[in-house]
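Each remark here refers to the structure printed beneath this line.
Every number in this text was worked out from the coordinates using simple rules, so none of it is lab data. Remember, predicted model here, so these are calculated numbers, not experimental data. Backbone-built Cβ (ideal geometry, glycine too); neighbour counts: all protein chains shown.
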Amino acid sequence: MITCHEAAERLWEYLDGTVDEDDRVLIDEHLARCRRCCGERDFAVELRQFLSRSASTAIPADVFRRLHRTLEELS
């Protein structure tokens, strides 16, 4: 069984379908038991849907820079 931290680290790859089969099984098992992580997964799915719908709207340059900086800090 993996921890919440481990599940959260792999969540976006999981949603992209790019984790390997072993990791997918571990994350599925974790999500089956952890309400908190299920909430994070649901939020991530909603965020992805929102971003997808908003893709035709240009992001202001300052917002794009802040988002890019935040993503770099997380990786």
**Study point:** Distance in nm between pseudo-label sites at residue 48 and residue 64 (7 Å out along the Cβ direction from Cα)
**Key:** 2.4 nm
**Study point:** Computed [θ] at 222 nm, helices only, for the chain once each DSSP H run of length n ≥ 4 contributes -39500 (n - 2.57)
**Key:** -25500 deg cm²/dmol
Check your understanding: Which whole-Hz ³J(HN,Hα) couplings does the stretch 17-33 yield from phi under the Karplus relation 6.51 cos²θ - 1.76 cosθ + 1.60, θ = phi - 60°, glycine and proline marked x?
Key -> x, 10, 7, 6, 4, 4, 5, 4, 4, 4, 5, 4, 4, 5, 5, 5, 10
Check your understanding: Dipole magnitude of the chain about its Cα centre, charges +1 at Lys/Arg Cβ and -1 at Asp/Glu Cβ only, in debye to the nearest 20?
Key -> 500 debye
Practice item. Note down the relative contact order for the chain as a percent, whole number, built from C-alpha pairs under 8 angstrom at least six residues apart. Key: 29 percent
